[in-house]
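S.K.: I am attaching a structure below and will ask some questions about it afterwards.
The values are calculated or read from the model by the stated rules, or taken from the named source; none is laboratory data. Values in this document were obtained by computation on a predicted structure and should not be read as measured data. Counting neighbours? That spans all protein chains shown, and the Cβs are built from the backbone with ideal geometry, glycine included.
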Amino acid sequence: NAGVTQTPKFQVLKTGQSMTLQCAQDMNHNSMYWYRQDPGMGLRLIYYSASEGTTDKGEVPNGYNVSRLNKREFSLRLESAAPSQTSVYFCATQASGQFLYGYTFGSGTRLTVV
Amino acid sequence: GEDVEQSLFLSVREGDSSVINCTYTDSSSTYLYWYKQEPGAGLQLLTYIFSNMDMKQDQRLTVLLNKKDKHLSLRIADTQTGDSAIYFCAERLNAGNMLTFGGGTRLMVKP
């Protein structure tokens, strides 16, 4: 029972490189989210997908793109990485209408851009 | 607008009670949550409270909600070193599926 799986767990990029962070869930949840976590700033929403085939911008979308490939997978792409994107990235999921349980989080991807 | 605030840091001695506080600004919150993040891990749901409740108790955890003051607190009784973590409060508004998170409170438990 994997829940929410994020890959990779760690990554170091050079400025200007691109990469895709992967998130996959096996809980049949409709909604998926990408957050970044920075010291003293809590969690900030980058993008979300309320259901398969839809994506919307969150609070800090600049420099990122997303793809909701199917119900299970929601990827986050950095086209040209910048040092300001050094952060810990979390994917989260939620079942529609299951408000008691909040979000289920992955274990995070720690990204350093040098 | 939406804004959830928490103090950054709390230090307690093992065996003492910890109280982590959270304030929010939107009165249309329906559910409020407490999450725990251990080092190097993702966030895990600890407990939640529905907006029509004043208090919820779950073993060592007590959640108090003061809707008039828009204040939420998490009390951990008999705090243990394993409780050292970052604790996030979050609110869900009437509007939909989204949660808004506070900045997190780092709890340090000294032996």
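S.K.: Show me the strands (runs of 3 or more DSSP E) found entirely inside region B:26-111 where at least 1 residues are away from every other protein chain (no Cβ under 11 Å).
M.R.: Answer list for region B:26-111: B:29-37, B:55-58, B:61-66, B:71-76, B:85-93, B:105-110.
S.K.: Between residues in region A:33-55 that are touching a residue at least 60 places away in the same chain (Cβ under 8 Å) and under 20 Å from residue A:88 (Cβ atoms) and residues that are assigned to a strand (DSSP E or B) and basic (Lys, Arg), which pairs lie under 8 Å by C-beta distance while being six or more apart or on different chains?
M.R.: A:37/A:44
S.K.: Looking at B:69, B:54, B:78, which one is exposed (fewer than 13 other Cβ atoms within 10 Å of the Cβ) and touching a residue at least 60 places away in the same chain (Cβ under 8 Å)?
M.R.: Numbers: B:69 fails: touching a residue at least 60 places away in the same chain (Cβ under 8 Å); B:54 fails: touching a residue at least 60 places away in the same chain (Cβ under 8 Å).
It is B:78.
S.K.: Of everything in region A:28-51, what is surrounded by 16 or more Cβ atoms within 10 Å (Cβ to Cβ) and more than 22 Å from residue B:106 (Cβ to Cβ)? Give them in sequence order.
M.R.: Within region A:28-51, A:29, A:30, A:31, A:32, A:33, A:34, A:46, A:47, A:48, A:49, A:50 qualify.
S.K.: Within region A:89-101, how many residues are at the interface with chain B (Cβ under 7 Å from one of its Cβ atoms) and within 27 Å of residue A:78 (Cβ to Cβ)? Write out each step before concluding.
M.R.: First, the residues of region A:89-101 that are at the interface with chain B (Cβ under 7 Å from one of its Cβ atoms): A:90, A:94, A:99-101.
Filter again for within 27 Å of residue A:78 (Cβ to Cβ), leaving A:90, A:94.
Looking only at that region, the number is 2.
S.K.: Only one of A:80, A:84 is polar (S, T, N, Q) and either at pLDDT below 95 or part of a loop (DSSP other than H, G, I, E, B) (or both); which?
M.R.: Values: A:84 fails: either at pLDDT below 95 or part of a loop (DSSP other than H, G, I, E, B) (or both).
Exactly one residue qualifies, and that residue is A:80.
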